[in-house]
1. Yes or no: Val50 surrounded by fewer than 18 Cβ atoms within 10 Å (Cβ to Cβ), under 17 Å from the mean Cα position of the chain (by Cα) and of a type outside the set (S, T, N, Q)?
2. Here are some conditions: (1) open to solvent by 50 Å² or more (accessible area, probe 1.4 Å); (2) more than 29 Å from Phe69 (Cα to Cα); (3) over 22 Å from the mean Cα position of the chain (by Cα). Glu303 meets all but one. Which one does it not meet?
3. Could you count how many residues in the range 106-127 are open to solvent by less than 60 Å² (accessible area, probe 1.4 Å) and at pLDDT 85 or above?
4. Of the residues Ser58, Ser48, Ser39, only one is in contact with a Lys or Arg (Cβ under 7 Å, 6 or more places away or on another chain) and either free of Cβ contacts under 8 Å to residues at least 40 places away in the same chain or over 26 Å from Glu255 (Cβ atoms) (or both); which?
5. Just wondering, is there one or more residues in the range 173-184 that are farther than 29 Å from Leu83 by Cα and at pLDDT 95 or above?
6. Quick one: which helices (runs of 4 or more DSSP H) sit completely within the range 150-269 and have at least 3 residues that are surrounded by 15 or more Cβ atoms within 10 Å (Cβ to Cβ)?
7. Working only within the range 112-149, note down all residues that are assigned to a loop (DSSP other than H, G, I, E, B), closer than 30 Å to Ser295 by Cα and not aromatic (Phe, Trp, Tyr).
8. Filter the range 128-141 for residues that are surrounded by 12 or more Cβ atoms within 10 Å (Cβ to Cβ) and of a type outside the set (A, V, I, L, M); which is nearest to Phe54 (Cα to Cα)?
Amino acid sequence: SGWNFQNAKNDLINNPFVLFVKYNYRPFDFRNIVYTGTSSGFLGRSRSIVMKHFINRSNVGICLMRQFFQDAPYSHIYATNSLIDERTMYSNRGGTYLFPIYIYPESNSQQIIDSIKGRIPNFNVKIIKQFAELLSLTFTNEKETTKDTFAPIDILDYIYAVLHSPTYRGKFKEFLKIDFPRVPYPNDTTTFWQLVNLGAQIRQLHLLESPIIENFITQYPIDGNNEVDKGKYENGRVYINEAQYFNNVPQIAWEFYIGGYQPAQKWLKDRKGRKLEFDDILHYQKIIVALVETSRLMGEIDEIIKKHLT
């Protein structure tokens with residue numbers, strides 16, 4: 001809606017602000033896209049009011065859904081540090097919302113410089129005050145090593161941990177279907193930092209920034225043309241075609257949901273008919289590690305959350 005070829009062509013020819021930027025198409029599926037910031041131009045809806053805070057800038061955001069109607073279990077939270085797609089997460093009711101933790105000031109020039117100068121936290125000050133009072137901590141705009149301080153990334157990681165708790169997801173299952181998730185305040189400082197630590201580990205896994213993802217648990221033992229036919233799981237093997245497969249893939253990874261998708265399956269489906277390059281083969285093995293580790297960390301989070309929600 002609102003897109004046509006001529007407008008797209010004119011946007012690229014006449015717009016001085018044209019960038020080739022990183023794009024989080026689906027969970028663990030990173031691509032590049034031409035971005036001009038113009039709606040009904042090269043892109044139908046550029047959503048520049050939000051996306052501009054990620055273009056060549058250091059930022060992290062949480063992807064959430066406002067409504068969730070799907071047979072699959074709730075999994076509609078995902079961290080990103082780049083532009084996203086309307087369907088980065090899937091639901092049959094509505095698109096993906098992106099919430100950056102920082103807002104950058106408007107620039108008077110067309111040039112965007114990767115800098116944190118002048119950026120401000122994208123949080124309601126009343127919520128920050130409530131956190132500070134409950135925890136007896138001082139809020140800082142940027143992460144510091146100073147004792148008894150907390151920063152925007154800590155709040156994001158706390159939220160990320162809570163929303164990855166199976167107990168939380170089960171208890172509020174019906175509410176999660178109809179509106180954005182509501183996150184309880186932490187009960188005490190110890191619990192807060194425990195959940196921040198676990199949430200940070202999952203965030204780093206999902207951004208593929210954790211060093212753990214380099215510790216492959218799978219192998220790709222058979223030579224061939226590497227062309228993806230149809231991903232199939234059988235006895236710990238993920239077959240990309242009749243002959244070639246990834247070996248020792250845990251079933252939990254194959255079936256695991258993030259953002260309404262099963263990334264171990266979705267990533268391959270989106271490459272049907274394509275040949276996997278060497279980097280693709282490594283990337284898929286990183287995804288498997290990230291999924292297995294996410295499942296493990298969710299169990300640790302749940303042991304903490306159960307004490308406060310039951």
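The values are calculated or read from the model by the stated rules, or taken from the named source; none is laboratory data. None of the values given here were measured: they were computed from a predicted structure. We place every Cβ from the backbone using ideal geometry, glycine too, and count neighbours over all the protein chains shown. In case anyone asks, the SASA skips ligands and DNA or RNA and just uses the protein heavy atoms, side chains included. Shrake-Rupley method; radii C 1.70, N 1.55, O 1.52, S 1.80 Å.
1. Judged against the criteria, Val50 is a match.
2. Looking at each condition in turn, Glu303 falls short on (2).
3. Qualifying residue count, the range 106-127: 4.
4. Ser39
5. no
6. Result: 152-162, 166-171, 189-206, 263-269.
7. Asn122, Glu142, Lys143, Glu144, Thr145
8. Across the range 128-141, the extreme among qualifying residues is Asn141.
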